[in-house]
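A short write-up of the structure that comes next.
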Amino acid sequence: MRITVVGTGYVGLVTGCCFADLGNVVTCVDVNRKKVQELQKGFIPIYEPGLEEIVKRNRNKRLYFTTDLAKAVQNSDFVFIAVNTPPGKNGEVDITHVQEAAKGIARNLNGYKIIINKSTVPIGMGDIVTQIIQKHRTKKQSFDVVSNPEFLREGSAVTDLFKPERIVIGATSRSAAQKVAEIYKPLHRPILITDLKSAEMIKYASNAFLATKISFINEIANLCDQVGADITQVVKGMSYDSRIGGQFLNAGLGFGGSCFPKDVAGLVQIGKDHQFQFRLLPQVLEINRDQRKHFLKKVHKALGSLKGKTIAVWGLSFKPDTDDMREAPSLTIVPELTAQGAKVKVYDPVAMPQAKLFLKNVKYCKNAYEAAKSADAVLVLTEWHEFIQIDFQKLKKLVRKTVIVDGRNIYDPTQMAEKGFSYYGMGRGKPFVF
Ligand code: UGA
């Protein structure tokens with residue numbers, strides 16, 4: 001099939017590359033000339049496992065990058081919109097890029113096309129895109145608008161695209177929806193066809209629900225801290241109930257990234273726009289913000305005043321397997337440590353080039369051990385695999401004090417105590433102090 005993907009951000013790029021890998025002819029379009037030139041040379045601007053190989057396999061065979069929207073649209077039957085919808089001042093969803101993309105597509109229609117929206121957009125956007133295209137098309141070309149929300153997770157986006165748990169396609173025309181479903185047919189995964197608005201809502205409701213799970217479990221973890229229970233055991237016990245399940249119940253520093261904070265705030269705003277006041281979701285966001293403060297309290301509990309203390313920070317990205325720093329807990333925790341007079345040494349396996357744009361006055365280290373040298377405490381902010389596999393004997397010799405404050409619960413408190421560390425987890429019962 002001939003496909004154009006407008007926008008080579010995270011979603012657009014992964015989607016375009018994977019569609020090409022499925023045998024389609026894909027043109028990825030972006031207004032950013034420099035980015036397109038880099039992509040044409042095979043340079044990928046994001047860190048995403050598996051993506052580089054896919055680009056290598058398909059580039060200039062079935063996968064093309066261009067700034068020429070007109071040509072791309074004219075040569076395609078399917079045009080995906082995958083541009084960003086950033087949050088405005090009050091969390092409202094900024095739909096400007098989607099509107100611009102729709103206008104650009106409309107002006108270049110040269111026959112029937114299906115325009116598919118992948119961006120996370122307010123409910124009702126499908127109708128707005130339809131109106132924009134009707135207004136800006138040059139003749140009375142026929143078209144259909146479809147909503148096909150994405151459920152890709154950074155760090156496992158390629159797997160998520162090839163093995164999605166569901167594919168949601170919302171449309172006013174059943175035949176358009178079925179044509180889009182054909183693209184996904186080789187994946188042999190469940191496909192749900194709905195109306196446009198329900199598809200748009202499924203995306204928001206899914207992200208808001210997952211975010212709610214995280215805030216819920218973080219509150220339970222905070223109570224575990226007070227009463228001396230272990231949240232990991234609690235979750236295990238809960239998860240045997242198939243109505244609950246065990247996923248997305250890792251307590252820690254709360255959710256970050258470009259999606260959950262933005263989408264929950266966006267949904268609250270969408271509610272207001274429709275005279276509906278969410279009561280639950282503002283709390284979900286507040287609990288999430290407070291979780292970082294809760295972590296800092298633990299650091300104080302472990303170290304007292306931070307003035308003159310050396311602190312190692314392991315992990316800067318908002319989650320492992322990505323270099324994405326958006327809404328990462330490190331962005332609020334690290335500046336707070338330095339503001340309180342601590343000397344901060346940081347290490348992240350891939351996110352340091354990105355982190356350098358935001359986190360100043362810290363020492364960037366070559367590895368976890370260098371960061372830990374002479375440290376009064378090691379703080380774990382991202383659960384990278386290499387931190388789980390750390391050599392504790394080596395670590396013990398390097399640090400000034402054997403204190404670990406684990407914001408991601410990657411270690412076992414009993415084992416840490418056996419190894420001689422004072423361990424502070426998130427909701428892991430009473431800390432073991434030596
Ligand atoms: C999320 C959704 O999981 C995807 O389905 C969705 O497509 C995507 O947003 C989007 O809207 O584009 P992503 O933000 O990449 O994906 O990352 P997740 O793996 O979902 O993690 C989000 C945040 O929640 C991270 O900060 C992570 O550390 C945190 N988290 C996750 C927890 O604190 N506890 C958990 O149990 C799980």
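Find the residue count for segment 232-290, including only residues that are farther than 26 Å from residue 380 by Cα and polar (S, T, N, Q).
Qualifying residue count for the region: 4.
Being within 16 Å of the ligand (Cβ to nearest atom), modelled with pLDDT under 95, β-branched (Val, Ile, Thr) and buried (at least 21 other Cβ atoms within 10 Å of the Cβ) is the requirement here; does residue 121 meet it?
On the way: within 16 Å of the ligand (Cβ to nearest atom): yes; modelled with pLDDT under 95: yes; β-branched (Val, Ile, Thr): yes; buried (at least 21 other Cβ atoms within 10 Å of the Cβ): yes.
Here the answer is yes, as residue 121 does meet what is asked.
Taking the criterion of being in contact with a Pro (Cβ under 8 Å, 6 or more places away or on another chain), closer than 29 Å to residue 352 by Cα, modelled with pLDDT of 95 or more and open to solvent by 40 Å² or more (accessible area, probe 1.4 Å), would at least one residue in segment 7-23 satisfy it?
Among the residues of segment 7-23, not one is in contact with a Pro (Cβ under 8 Å, 6 or more places away or on another chain), closer than 29 Å to residue 352 by Cα, modelled with pLDDT of 95 or more and open to solvent by 40 Å² or more (accessible area, probe 1.4 Å), which makes the answer no.
So which residues in segment 246-285 are among the charged types (D, E, K, R) and either assigned by TED's automatic domain parsing to the domain that holds residue 95 or crowded, with 16+ Cβ neighbours inside 10 Å (or both), if there are any at all?
Within segment 246-285, 262, 263 meet the criteria.
Just to be sure before I move on: is residue 319 of a type in the set (Lys, Arg) and closer than 27 Å to residue 223 by Cα in the structure I sent? Can you show your working first?
Numbers: of a type in the set (Lys, Arg): yes; closer than 27 Å to residue 223 by Cα: yes.
Answer is yes for this residue.
Which of the residues spanning segment 124-165 are of a type in the set (Asp, Glu) and either touching a residue at least 60 places away in the same chain (Cβ under 8 Å) or more than 12 Å from the ligand (Cβ to nearest atom) (or both)?
If the condition is that a residue be of a type in the set (Asp, Glu) and either touching a residue at least 60 places away in the same chain (Cβ under 8 Å) or more than 12 Å from the ligand (Cβ to nearest atom) (or both), then 127, 144, 150, 154 are the ones that fit.
Residue 284 versus (1) over 22 Å from the mean Cα position of the chain (by Cα); (2) within 16 Å of the ligand (Cβ to nearest atom): which is the lone unmet condition?
The failed condition is (1).
Here's the yes/no breakdown for (1) closer than 21 Å to residue 401 by Cβ; (2) surrounded by fewer than 24 Cβ atoms within 10 Å (Cβ to Cβ); (3) within 12 Å of the ligand (Cβ to nearest atom); (4) not assigned by TED's automatic domain parsing to the domain that holds residue 264:
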{"position": "310", "(1), (2), (3), (4)": "yes, yes, no, no"}
{"position": "317", "(1), (2), (3), (4)": "no, no, yes, no"}
{"position": "322", "(1), (2), (3), (4)": "no, no, yes, no"}
{"position": "328", "(1), (2), (3), (4)": "no, no, yes, no"}
{"position": "336", "(1), (2), (3), (4)": "yes, yes, no, no"}
{"position": "346", "(1), (2), (3), (4)": "yes, no, no, no"}
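Please state which one of 408, 400 is within 14 Å of the ligand (Cβ to nearest atom), modelled with pLDDT of 95 or more and open to solvent by 30 Å² or more (accessible area, probe 1.4 Å).
Within the list 408, 400, the selection yields 408.
The values are calculated or read from the model by the stated rules, or taken from the named source; none is laboratory data. Everything numeric in this text was worked out from a predicted model, so none of it was measured. Here the Cβ is made from the backbone with ideal geometry for all residues, glycine too, and neighbour counts use every protein chain on show. In case anyone asks, the SASA skips ligands and DNA or RNA and just uses the protein heavy atoms, side chains included. Shrake-Rupley method; radii C 1.70, N 1.55, O 1.52, S 1.80 Å.
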